[in-house]
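Visitor: Please read through the structure below; I'll follow up with questions.
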Amino acid sequence: MRTNIDHAAAKMHKEAKSSYFDMPALDVSVAFPQATPASNFPPCTSDYYQLADLLTPEEQAIRMKVREYMEKEIAPIMTKYWEKAEFPFEIIPKFGALHIAGGTIKGYGCPGHSITGSAVAAAEVARVDASCSTFLLVHSSLAMLTIGLCGSEMQKEKYLPSLAEFDTIACWGLTEPNYGSDASGLGTTAKKVEGGWILEGQKRWIGNSTFADILVVFARNTSTNQINGFIVKKDATGLQCTKIENKIGLRIVQNGDILLKNVFVPDEDRLPGVNSFQDTNKVLAVSRVMVAWQPIGITMGVYDMCHRYLKERKQFGAPLAAFQINQQKLVQMLSNIQAMILVGWRLCKLHESDKLTHGHASLGKSWITLRARETVALGRELLGGNGILADFHVAKAFCDLEPIYTFEGTYDINTLVTGREITGLASFKPAPVRQKSRL
């Protein structure tokens, strides 16, 4: 009886469909011919105050090389992968050819760029696709940098050359289900045993983890109660990495849940330079500078897209760019971007002169992402209905910016890092709850 009902329902559903119900969607260039989609990425019009004048010839060459690659090779395919939440593995060899992984690390096959050169490269990647820039920064500015700053000579020689070429991929495991902003809490443990260490615990939101060849993992030493760092190889016994589904931002990035159950790590893969959370913070201070350049790149791409769109799209007999309110929004976006670029550039110069503090880096990351949020929201308004389509870039960038606003320290936590530095008083934890009022 039940089977007959199911068959009848299926037949009615089939008959109710139109003859064109299952046809593929129109190509966006046919469906909306009045504006050019992001697969043909717009030229850069967002560098209004001419950042090139502040760059060395080498830094400008890096910038233009990455820009050309991203516009020609990545822009045409990113919307498809973003929609499917899949990673385009075919781009990895091409990324290797750019020779930007390892950024500021000198030797071991790494490029040894200035931090400014690395930052503008990251921005150019993010200008076209934020997920690709996150993939790069996790691999390079977190995992590789940790090995470069905290690894032994043997570890650097063993791991960095192949990572620099993208022959192997790395991820960086700090965040846990119970410890996000309170990252120093860490519940994952490392117990010393003969010949190595046993890791037990769980990590969450770890980018690249589902396909990484090596995982840089932080755990609490059960003897010292301090944070130590370890290099864990993929497919280690007791290691499991699974993809986090249903994200609305950075959909191409393969964020994962990591389970560590009695995972053995040999002594040679313990990072000798990580002996407390302060050592981890050395990496985060640099990576926050790099992450601050992601929203700079994202907003540049959004502005570039809006600038072209407003000149192409017509309503009421005129291009949208001819309307005063649209020009006002466009100028507001442009002014935000110039300020963001200059703050990002200053962060790089502070780092190069060894003056960068945790407060500097945190203020830069928090303020830039706040301004980026405002800028991308204006861009979404300017594109109207097309502002919710990934085909025109802005909707994708709008969603991708949200996790960047949160990761590597939320806006609020980063402001408290700077607040602690300028006042000398930490305010991360709430005041103790009193049993009785003093009044």
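The values are calculated or read from the model by the stated rules, or taken from the named source; none is laboratory data. The shown structure was predicted, so the numbers you read here are calculated from the model rather than taken from an experiment. Methodologically, a virtual Cβ is constructed for each residue, glycine included, from the backbone with ideal geometry; neighbour enumeration extends over all protein chains shown. Surface accessibility is based on the protein's heavy atoms, side chains included, excluding ligands, DNA and RNA. Shrake-Rupley method; radii C 1.70, N 1.55, O 1.52, S 1.80 Å.
Visitor: Taking only Cα atoms and a 10 Å spring cutoff, compute GNM fluctuations for the chain and point out the largest among ALA236, ALA75, ALA123.
Guide: Most flexible of the set in this elastic network: ALA236.
Visitor: Express in % the proportion of alpha carbon pairs of the stretch 22-120 at distances exceeding 21 Å. Don't skip to the answer; put the middle values down first.
Guide: On the way: 2464 of 4851 pairs.
Percent of Cα pairs beyond 21 Å in the stretch 22-120: 51.
Visitor: Another question about this same structure. Each residue of the stretch 206-218 in turn: what ³J(HN,Hα) in whole Hz from Karplus with 6.51, -1.76, 1.60 and θ = phi - 60°, glycine and Pro shown as x?
Guide: 8, x, 6, 5, 6, 10, 5, 7, 10, 10, 7, 10, 9
Visitor: 7 Å from Cα along Cα→Cβ at both ASN275 and THR357: what's the point-to-point distance in nm?
Guide: The modelled label-to-label distance comes out at 2.6 nm.
Visitor: Each residue of the stretch 330-336 in order: what ³J(HN,Hα) in whole Hz does its phi give by Karplus 6.51 cos²θ - 1.76 cosθ + 1.60, θ = phi - 60°, with x for Gly and Pro?
Guide: 5, 5, 4, 4, 5, 5, 4
Visitor: Where does helix 411-423 land angle-wise versus the long Cα axis of the chain, in degrees 0 to 90, nearest 10?
Guide: Approximately 50 degrees, to the nearest 10.
Visitor: Keeping every protein chain present and rolling a 1.4 Å probe, give me the accessible area per residue for the chain in Å².
Guide: Accessible area per residue: 47 Å².
Visitor: Counting only residues 5 or more places away or on other chains, whose amide H sits under 5 Å from the amide H of ASN255 once H atoms are built in the peptide plane?
Guide: ASN208, ILE244
Visitor: Given a 1.4 Å probe and every protein chain left where it sits, what share in percent of the accessible area of the chain is carbon and sulfur? Working shown, then result.
Guide: Working: 11370 of 20550 Å².
C and S atoms contribute 55 percent here.
Visitor: In addition: For helix 115-128, what angle does its Cα long axis make with the longest principal axis of the chain, in degrees from 0 to 90 and rounded to 10?
Guide: Tilt of helix 115-128: around 40 degrees.
Visitor: Quick one: what Rg and Dmax do you get for the stretch 312-439 from the alpha carbons, in Å?
Guide: Considering the stretch 312-439 through its Cα atoms, Rg and Dmax are 20.1, 69 Å.
Visitor: If each residue of separation counts as 0.36 nm, what is the full-extension length gain between GLU381 and VAL193 once their alpha-carbon separation is subtracted?
Guide: Details: separation 188, 0.36 × 188 = 67.68 nm, distance 5.84 nm.
Fully extending the segment from GLU381 to VAL193 adds 61.8 nm.
Visitor: Could I ask something else about it? For THR168, which sequence-distant residues (separation of 5 or more, or a different chain) have an amide H within less than 5 Å of its own amide H, given hydrogens modelled in the peptide plane?
Guide: Close amide H contacts, sequence-distant or interchain: LEU163.
Visitor: Return the equivalent ellipsoid semi-axes of the stretch 105-247 as a descending list in whole Å, where each equals the square root of 5 times an eigenvalue of the C-alpha gyration tensor.
Guide: Numbers: eigenvalues 132, 73, 40 Å².
Semi-axes from the Cα gyration tensor: 26, 19, 14 Å.
Visitor: So which of LYS191/LYS234; LYS192/LYS243; LYS261/LYS365; LYS203/LYS429; LYS156/LYS365; LYS203/LYS233 end up more than 26 Å apart, counting from Cα to Cα?
Guide: Values: LYS191/LYS234 20 Å; LYS192/LYS243 30 Å; LYS261/LYS365 35 Å; LYS203/LYS429 23 Å; LYS156/LYS365 29 Å; LYS203/LYS233 15 Å.
From LYS191/LYS234; LYS192/LYS243; LYS261/LYS365; LYS203/LYS429; LYS156/LYS365; LYS203/LYS233, over 26 Å: LYS192/LYS243; LYS261/LYS365; LYS156/LYS365.
Visitor: Send over the Kirkwood Rh of the stretch 23-73, from the inverse of the averaged 1/r over different Cα pairs, rounded to one decimal Å. List each step's numbers first, then the result.
Guide: Values: mean 1/r = 0.0734 Å⁻¹.
After inverting the mean inverse Cα-Cα distance, the result is 13.6 Å.
Visitor: Helix 153-164 versus the longest principal axis of the chain: what is the Cα-based angle in degrees, 0 to 90, to the nearest 10?
Guide: Long axis of 153-164 versus the principal axis of the chain: about 10 degrees.
Visitor: Translational diffusion coefficient of the stretch 231-375 at 25 °C, 0.890 mPa s, Stokes-Einstein with Kirkwood Rh over Cα pairs, in µm²/s as a whole number.
Guide: 129 µm²/s
Visitor: May I pose another question? Tabulate in residue order the Karplus-calculated ³J(HN,Hα) for the stretch 316-329, using 6.51 cos²θ - 1.76 cosθ + 1.60 with θ = phi - 60°, rounded to whole Hz; enter x for Gly and Pro.
Guide: 6, x, 9, x, 4, 5, 7, 8, 4, 5, 6, 5, 4, 5
Visitor: Taking 8 Å as the Cα distance limit and 6 or more residues as the minimum spacing, I'd like the relative contact order of the stretch 127-227 as a percentage. Don't skip to the end; give the middle numbers.
Guide: Numbers: 141 pairs, mean separation 28.7, N = 101.
It comes to 28 percent, rounded to a whole number.
Visitor: On to the next question. Share of Cα-Cα pairs in the chain beyond 36 Å, in percent? List each step's numbers first, then the result.
Guide: Working: 30992 of 96141 pairs.
Within the chain, distances greater than 36 Å cover 32 percent of Cα pairs.
Visitor: If you average the alpha carbon positions of the stretch 319-336 and of the stretch 59-103, how far apart do those two centres end up, in angstrom?
Guide: Here the answer is 30 Å between Cα centres.
Visitor: Quickly work out the PHE211-to-ILE77 label distance, labels modelled 7 Å from Cα along the C-beta direction, and quote it in nm with one decimal.
Guide: Each label point lies 7 Å from its Cα, and together they span 1.0 nm.
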